[in-house]
């Protein structure tokens, strides 16, 4: 018997990318809603409760509304920001710990991480949980994303042939130092203060790099960049979708240059460690539409179904 899947918000960027990952699968049945009934709550409720799993690819308010329509039997995977800091929901990043993976497997409510948050948390969670980085460390983060991370409107803006020429260059935003991913970055990593986060959009469709610098003089104990690399290698050992690259990118990076778009169209994440005894630069590189969104959502589904987590993702 096939597993019944409904995607609430299947016309959005994340929903469409989830659909792409189901294209060659014969173990699931996609439930389709008539296009003119996509905002009809009675029809949405019928579709949600006819499914085994429903993906919520919606704005936050609509996602919260969708949860209220679901019965206790349907298992929900939410790609919005709405439930990522809700302790009643499992956080959909299985590589963080055995407990995270087990919670996802058994949960009926899973919140998929945000794209920037995925990169940040992949670097900081292991260091805080292993007490290498103190939770009151003044964390800063800067990150580059492809323009697809902004959804349909931003995609249309960047692909408009008459666009403003300023969009040819890096587009810094969130200059008020507030961003919708900050609460989960702080919450999941158990940081006492929110990070100082500076993101920018680049003129390429997809792909993302998230960077976190560390000053070793501010640590409680003496650690080097090589120590950080060893710790992250141990933490992510034997993971299928997250890999720690050789120290300094040796043999991976071309002439010591890291490009944000290299992992575009991939569902995997690469982690790099650069630096020396005084300063360390941590980097996570992945696709904002892959491990940063749709790929992560499908990975969670696979774990919840009890099948190989890479199904449909390789």
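No value in this document is a laboratory result; all are computed from the given coordinates. This structure is a prediction, so every number in the text was calculated from the model and none was measured. Reconstructed Cβ throughout: ideal geometry from the backbone, glycine too, with neighbour counts over all protein chains shown.
Please go through region 154-167 and give me each residue that is loosely packed, with under 10 Cβ neighbours inside 10 Å and assigned to a helix (DSSP H, G or I), ordered by number.
Scanning region 154-167 gives 165, 166.
From (1) more than 30 Å from residue 280 (Cβ to Cβ); (2) not in a loop (DSSP other than H, G, I, E, B), pick out the condition that doesn't hold for residue 126.
With respect to (1) more than 30 Å from residue 280 (Cβ to Cβ); (2) not in a loop (DSSP other than H, G, I, E, B), residue 126 is out only on (1).
For region 75-117, what are the residues that are without any contact (Cβ under 8 Å) to a residue 60 or more places away in the chain, in a loop (DSSP other than H, G, I, E, B) and out of contact with any helix residue (DSSP H, G or I) (no Cβ under 6 Å at 6 or more places or on another chain)?
83, 86, 87, 88, 89, 97, 108
Hey, among 64, 5, 30, which residue is closer than 30 Å to residue 182 by Cα and surrounded by 15 or more Cβ atoms within 10 Å (Cβ to Cβ)?
64
Please find, within region 14-27, the residue that is surrounded by the fewest Cβ atoms within 10 Å (Cβ to Cβ) out of those that are out of contact with any helix residue (DSSP H, G or I) (no Cβ under 7 Å at 6 or more places or on another chain) and within 13 Å of residue 79 (Cα to Cα).
16
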